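The values are calculated or read from the model by the stated rules, or taken from the named source; none is laboratory data. These numbers were taken from a predicted model, which means no experiment stands behind them. Counting neighbours? That spans all protein chains shown, and the Cβs are built from the backbone with ideal geometry, glycine included.
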Amino acid sequence: MYRFLLIITVGILLFMTAGCNPDDDENAEPDYRLAVPPAEVTMPEEDSDPAPPPDLTGFEAALEADPDDTSARFSYMTGLMRSGRIDESLEQARILAVAEGDNPFRSIASLNFANMVLDEVPDDDPEREDLLSEAMDLMWTALGWEPESIPGHLAYGRLALETGDNEKALHHLSIALTVMEIGYELRINMAEIFIEREDFEKAGAHLEVAGELAEEAEDSEAMSLILELKSALNM
């Protein structure tokens, strides 16, 4: 219901640090740490009614008057997300991610693009595969600008899982885990990859944590899968 707020909240955690060349060795591991968010976001109260769709006419008028107004475009992008107009929001994020000049929204736009593709584009969408590839390109460039972005590494790791690049998935999800809990679904994915590699110790460690999180969430389907994988490891 408020997924757009989650995307924004995650997005503002991107670090405002000096960038690096995205062609550098992605396996380098700097000292990852969280930054203080540069802005506050007011979250809705629990069980509150959904807010009405925003009036976007002001942003549309601002962009018609000045297409280079990145602040108006960012607000327009988030408003489109809130209205469920995902295709249009993706296009605005795409424009922001590559806009030159005074543009403080490149990294956040790239992150929003990636999260929308992962969470809002259906698996059976014929364009999903191309969008995943585009999202990976945008996020890799964004990580070049913001190499310490934990949400960025999390998104890139999820994208890598979706595209079958297990090496990158493990690397970037492991970076995210240095600071935040990634959730039992991704823990299960990592365990399955480690099982394929016959690294049973790491697989077991992920399954232990995943089991605790799934039990807490009362996800019986996930718990059954975890028990099945543990049984295969004689745990």
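Please determine whether any residue of segment 124-142 is out of contact with any Ser or Thr (no Cβ under 8 Å at 6 or more places or on another chain), outside any helix (DSSP H, G or I), under 26 Å from residue 183 (Cα atoms) and not aliphatic (A, V, I, L, M).
Checked against the condition, which is being out of contact with any Ser or Thr (no Cβ under 8 Å at 6 or more places or on another chain), outside any helix (DSSP H, G or I), under 26 Å from residue 183 (Cα atoms) and not aliphatic (A, V, I, L, M), segment 124-142 yields at least one hit.
Kindly indicate whether residue 135 is among the hydrophobic types (A, V, I, L, M, F, W, C), crowded, with 18+ Cβ neighbours inside 10 Å and in contact with a Phe, Trp or Tyr (Cβ under 6 Å, 6 or more places away or on another chain).
yes
How do the helices (runs of 4 or more DSSP H) wholly within segment 150-235 filter down when requiring 2 or more residues that are modelled with pLDDT under 95, touching a Lys or Arg at 6+ places or on another chain (Cβ under 7 Å) and surrounded by 21 or more Cβ atoms within 10 Å (Cβ to Cβ): which remain?
Answer list for segment 150-235: 200-217.
For residue 81, only one of the following conditions fails: (1) under 20 Å from residue 153 (Cα atoms); (2) surrounded by 18 or more Cβ atoms within 10 Å (Cβ to Cβ); (3) touching a Lys or Arg at 6+ places or on another chain (Cβ under 9 Å); (4) not charged (D, E, K, R). What is its number?
Condition (1) is where residue 81 drops out.
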